[in-house]
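What follows draws every value from the coordinates through simple rules; no lab data is involved. What you are looking at is a predicted structure, and each value in this text was computed from that prediction instead of being measured. FYI the Cβ positions are ideal-geometry reconstructions off the backbone, even for glycines, and counts take in every protein chain you see.
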Amino acid sequence: MKISLTLAISALILLSATLLSCKVNNKSAEIPADSAVSRKSISRLLAGDVSKAWAIKSFHVDGEDQLKGLNPCELDNTDHYFRNLVYEAREGKSRCNDSDPDIRQRGKWSLNADSTAVEVKMGTSLFTLEIINLNENEFHYRSVNNGKTTEAVLVAVK
């Protein structure tokens, strides 16, 4: 069964720890200081003018590569962030099953109070992604939960 990027990440996080809340540890040097202008800049980097798609480049839990063994049909799924704060995990070009829906999961995203993390809410689950690096082409984040550190790098889909 083809797993969307978010579903894969969710499953991996759930395997490593019970998902409750995540802790933000530090700020990225590439993110401007807190202000309404910087908040808009961060949102624009993440979601573009209308929306922006991101594909997985790397994903580790406590330093262990979690992408090993995944099928190409699982690795080509994308995360879409929309300026209206909608988040979607979408099926990639290759499908593991013909019946897989185009939109695997939908939720809402927002920046935390000091704009150092992206919070993605899907149903009752809240994923807090500490921004390590965010620029036009790369979104590197970390989350810490129950002593387990999850770190991923996503790349913008052109």
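Some points to look at:
- Given (1) in contact (Cβ under 8 Å) with a residue 60 or more places away in the chain; (2) surrounded by 14 or more Cβ atoms within 10 Å (Cβ to Cβ); (3) out of contact with any helix residue (DSSP H, G or I) (no Cβ under 8 Å at 6 or more places or on another chain), index of the condition GLY147 fails: (2)
- Some residue of the stretch 97-106 being of a type outside the set (D, E, K, R), farther than 23 Å from LEU70 by Cβ and either in contact with a helix residue (DSSP H, G or I) (Cβ under 6 Å, 6 or more places away or on another chain) or touching a residue at least 60 places away in the same chain (Cβ under 8 Å) (or both): no
- The set of residues in the stretch 38-59 that are touching a helix residue (DSSP H, G or I) at 6+ places or on another chain (Cβ under 9 Å) and farther than 13 Å from ASN77 by Cα comprises LYS52, PHE59.
- Tabulated pairs, the stretch 40-55, first assigned to a helix (DSSP H, G or I), second surrounded by fewer than 16 Cβ atoms within 10 Å (Cβ to Cβ), C-beta under 6 angstrom, 6+ apart or interchain: SER41/PRO32; ALA47/ARG83
- Subset of the stretch 109-130 [part of a loop (DSSP other than H, G, I, E, B), out of contact with any helix residue (DSSP H, G or I) (no Cβ under 7 Å at 6 or more places or on another chain) and either closer than 16 Å to VAL86 by Cα or among the small types (Gly, Ala, Ser) (or both)]: ASN112, ALA113, GLY123, THR124
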